[in-house]
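The values are calculated or read from the model by the stated rules, or taken from the named source; none is laboratory data. Not measured: the values here are computed from a predicted model. Ideal geometry is used to build each Cβ from the backbone, glycine not excepted, and the neighbour counts take in all protein chains shown. Side chains are part of the model used for accessible areas, which takes the heavy atoms of the whole protein and leaves out ligands, DNA and RNA. Shrake-Rupley method; radii C 1.70, N 1.55, O 1.52, S 1.80 Å.
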Amino acid sequence: MKNILIGGAWPYANGSLHIGHIAALLPGDIIARYHRAIGNRVFYVSGSDCHGTPVAIRAKQEGKTPGAVSDFYHAQFVDVFNKLGFSYDLYTKTSDRLHIKYVQEFHRKLYEGGYIHERTVKQAFCQSCNKVLTDRLIVGKCPACGAATRGDQCDACNEVLDVDTVVDAKCSECGSSLAFGETTQLYLEISKLTSELTEYLNDHKKWRKNAIAFTKRYIDEGLRDRAITRDLDWGIDVPKAGYENKKIYIWAENVLGYLSASAILCAERNIPFVELFGADAGPGAGGNADADANARHYYVHGKDNIPFHTIILPSLLLAHGGGFCGGFHLPDDIISSEYLTLERRKISTSQNWAVWARDIIDRYNPDALRYFFIANGPEKRDTDFSWREFVERNNNELLGAYGNFVHRTLSFIIKYQGGAVPEAEANSELQKRITAAFGVIGRKIEDGHLNDALDDAFELVRFGNKYFDSGKPWKTRKENEIECGATIFNCVQLIANLVVLLEPFLPFSSAKIRGWFHIDNSWEVKSIPVGFCIPAPEILFERLDKKVAEDEVAKLLSQKTV
């Protein structure tokens, strides 16, 4: 049994989740469900990112406190994830006291190492607004690509920025040019870790192409030291004398949520934290060289979060743990999605060109949504969410292929065979195909190739329909009962195994069918005995009228703002 950490990116609690967030995060749930099914010990964690400027800006706009705003969206996120079947072992928030305590303890030890130094730097000030500006309150042009950007990171090229490098910097609230004063901050000397991070990248050639390309670019361009403290009012207090009026910069505390959430789970399960996070996973953790080899860590996020998981998080772990020997377990698998567009346009929350998760979770079958986000997901390239294609794939693939195969087989048993699985022998070729599918699909899920894994499962669905049709049970039930029984018996066996193979993707319909068959979801070949009584099957998927797509697009157009 291995210890599997799956960390889903922590969404900012300053606005509702949209389909782009769901498409990027859903792979984590599929991988978690698979690892549980094969018997591994899973730590599937995430939470709401409640600190930082985005939340403070939203709070000011709504006349509320940052805590009230972040708690509101945190509750909304929890509802969305639950209804979509995300099986987090712990979904928490960065404002939770246990996270705050963990982060401060981590930083205390971090400051004692050789990778933190004080630096006097420029600080942006808006004379019109009479206040210090945080990075996100600064707008201008990216010094790397020239695109319009905020002061923290360029969305166009993903360059991580320093405020004094932003070209033509202005206040985002009033548009005034900025003045620059000075302030002292703590800096993480990432540049000192160049050789370690280069070696780390070279050891992970199986990452997704975008993760390798972005990480290599950051290293090749020269890693820059990054501030880990900021002059903010909302965030975690810096645990260092002389910094009482500052907060830990959000990027230096939110990625530590993977560790803080894991620590909470380990304590609840009475499992030493070192078994999950390596040979020296914190003060007093002790040493265990075997623990690191028995753990595998996945980090699931969108393309714009790649540097935070391949540069920033490893740097924090290396700087805290003192290098590879005896340090924290570094990320193994980077499950980084490309971008999802909407009806061939870039998703824009500011222009309300988005499909909000809260608006669709009660209107559509959650398995239909999950299926489309993986089958048409931005795993290897940017993809487009089209309402027309969503309706077509629901009707043709989920309903027309999978749902139809299940319903026609079980309904035949109810109508013509007394509701019991007929007497027959398992088809050896079909059994070989099923056994092989568990190995092939399992390996693809384990390695993050979810689109291909789902395709393989649905190829087995299509095979099942062909097998049913070629057997012609509607004809052989009168002409050859033995042949009819063999066809139906083997279709039942195929359904029972498809249910398990598809459960990571379609947990709601799979749980329903498993209940009919009285089988568990362990990742192994299933067998339904002769004479087993089949209950009358329910409809698994509803047909969607084509007008649904027209109505949804019309709604999008009506809500869009310029």
Self-check item: Three semi-axes of the equivalent ellipsoid, the stretch 107-216, Cα gyration tensor, whole Å, largest first
Solution: 30, 21, 9
Quiz item: Arranged from highest to lowest average of other beta-carbon atoms within 10 Å per residue, in what order do the peptides 198-205, 486-493, 169-176, 450-457 appear?
Solution: 486-493, 450-457, 169-176, 198-205
Self-check item: Rg in Å to one decimal, and Dmax rounded to a whole Å, for the stretch 472-512 via C-alpha atoms
Solution: 13.8, 40
Quiz item: Accessible area per residue of the chain at 1.4 Å probe, in Å²?
Solution: 42 Å²
Quiz item: Looking at the chain, do any whole DSSP H helices span at least 20 angstrom along their long axis by alpha carbon and average -1.0 or above on Kyte-Doolittle, and which?
Solution: 19-37, 66-83, 428-446, 450-471, 481-502
Exercise. Work through the residues other than E221 whose Cβ is under 15 Å from its Cβ and net out their charges, Lys, Arg +1 and Asp, Glu -1.
Key: 0
Self-check item: Accessible-area composition of the chain, carbon plus sulfur, in percent [1.4 Å probe]
Solution: 49 percent
Quiz item: Over 32 Å between Cα atoms, which of K209/K346; K101/K216; K192/K240 qualify?
Solution: K101/K216
Practice problem: When a/c is below 1.5 the answer is rounded, else prolate if a/b is larger than b/c, else oblate, so apply that to the stretch 356-452 with a ≥ b ≥ c taken from the square roots of the Cα gyration tensor eigenvalues. | Solution: oblate
Quiz item: Using the Cβ atoms and a cut-off under 14 Å, what net charge is assigned to the surroundings of V492, where Lys and Arg are +1 and Asp and Glu are -1?
Solution: +1
Quiz item: What fraction, in whole percent, of alpha-carbon pairs in the stretch 10-88 exceed 18 Å separation?
Solution: 46 percent
Quiz item: Each residue of the stretch 149-166 in turn: what ³J(HN,Hα) in whole Hz from Karplus with 6.51, -1.76, 1.60 and θ = phi - 60°, glycine and Pro shown as x?
Solution: 8, 8, x, 9, 7, 7, 6, 6, 10, 6, 5, 7, 10, 9, 4, 7, 9, 5
Quiz item: Tell me, what is the percent relative contact order of the chain, built from C-alpha pairs under 8 Å that lie six or more residues apart?
Solution: 16 percent
Self-check item: Sum of side-chain charges, A424 neighbourhood, beta-carbon under 14 Å (Lys, Arg +1; Asp, Glu -1)
Solution: -3
